[in-house]
């Protein structure tokens, strides 16, 4: 049977107002749409006379595979990605499929597990500094502290500079730019790009700030080949193995901005959620503390991660319940088959990572925090496509090894030094672009005796 003979994806039965509301709430909205319309459901952003784009939400493992792998060549970037390119330039995350292939070939050798380990020297060191700064009995905001940590790692491991003094100067333009493109990409009607608006002016100013920072970093690294910025130097030296073409300075700056985005909010949110969850589950925290204590009282290194299996399980469970990237978006370039249905050409297809990873049809007691779901035996029994916090298919996140290495070393180092007790019973979430904490996450800490 060809895709044209298949039934069209069923329209979601919710009223138009509700569909528009939930489609714009990227995380919890997926759950509402799935509960009303099933794992594969169709939504219009506005009334038909506006010719608003059709969105197909896909929250089944089979559907995720169909979109992200089987039909990868027939699916390309979305309106949101186009907005990012306009504002922040072409980078690995937002390039259309054809130019993306060369960029991926060029960058892939930079992000092998062996290469990433070379970027990991500062991770445990920074986590140790953060944990040592907390006094015994202190009250802390886990989200704020996780952001401090990832910003320092970003500066030292990626950019080769100390961001402690410039953290807010970087975080603010990142937030302004990303919130703008996420909001614009999901509007039923978008003002033309040339039309001046206050929001667009703020977004363009934010983009200029980020490009200026990336250019300064690149200039400093070219002037000083010994500067401690391993990722920047790796990008300077990277070439496409098929063509021998190196990255231009513009390419490097654009990808540096993308790595700033990926290396700050996403890892910080994962770490904050894991710490908060352990602060609610002392038995989980005790197992992590015992696991890291068995390694001795020394600085952790990337080689220790293989001995931190339960710590990795904790992070995987945090990524299940709190995936920083809540949807994987594509545009169908032709009619395609998705889980037995026909998706029409030009539809925006959103693989709902958040909705799928909290689906009771796929997970037992899905809202419970249970790292044992990811024991070796249990992990092997999962459908490959029901758990995709870093995406899947050819365009899987290239920095997944880096993110897991950073988070594992940081989490183990912190729990070795302090005991966390979460003050809040809930971890509020919002999605300005990637998913972040929607409020401070208060906790108290007690220092562990060595």
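Values quoted throughout were computed directly from the atomic coordinates according to the rules given, and no laboratory measurement underlies them. Just so it is clear, the model here is predicted, and its values are computed rather than measured. Quick reminder, even Gly has a Cβ in these numbers, built from the backbone with ideal geometry, and neighbours come from all protein chains shown.
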Theoretical gain in end-to-end length, residue 204 to residue 236 [0.36 nm per residue, Cα-Cα removed]: 8.9 nm
Value at 222 nm in deg cm²/dmol, rounded to 500, when DSSP H runs of n ≥ 4 in the chain each add -39,500 (n - 2.57): -14000 deg cm²/dmol
Calculated FRET value between residue 2 and residue 197, using beta carbons and R₀ = 45 Å, to 0.05: 0.55
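Any chance you could run the full-extension gain for residue 298 through residue 245? It's 0.36 nm times the residue separation minus the Cα-Cα distance, nm to one decimal.
14.8 nm
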Pairwise FRET efficiency - residue 383 versus residue 306, Cβ, R0 = 25 Å, nearest 0.05: 0.45
Virtual paramagnetic centre 7 Å along Cα→Cβ of residue 375, amide N under 16 Å, in the range 275-303: 284, 287-288
For the range 194-211 and the range 257-301, distance of Cα centres in Å: 35 Å
Euclidean distance between Cα centres, the range 3-21 to the range 27-103, Å: 15 Å
Segment residue 368-residue 112, extension gain: residue separation times 0.36 nm, minus the distance between their alpha carbons: 88.8 nm
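Pairs of Cα atoms under 8 Å, at least six residues apart: use those to get the relative contact order of the chain, whole percent. Can you show the working numbers first?
Details: 766 pairs, mean separation 123.5, N = 450.
For the chain, the relative contact order is 27 percent.
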Pair residue 334, residue 105: separation of 7 Å Cα→Cβ label points (nm): 2.4 nm
Where a label projected 7 Å from the Cα of residue 421 along Cα→Cβ would reach, residues of the range 119-147 with amide N under 14 Å: 136-140
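Compare the peptides 376-387, 309-320, 353-364 by average per-residue count of other Cβ atoms within 10 angstrom and give them in order, highest first.
309-320, 353-364, 376-387
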Shape parameters for the range 368-450, alpha-carbon atoms, Rg then Dmax in Å: 16.2, 46
20 Å-binned pair-distance histogram of the range 3-447 (Cα, whole percent): 25, 58, 17, 0
Percent of beta bridges antiparallel (DSSP, the chain, rounded to nearest 5): 80 percent
At R0 = 41 Å, FRET efficiency that the Cβ-Cβ distance of residue 144 and residue 224 yields, to 0.05: 0.80
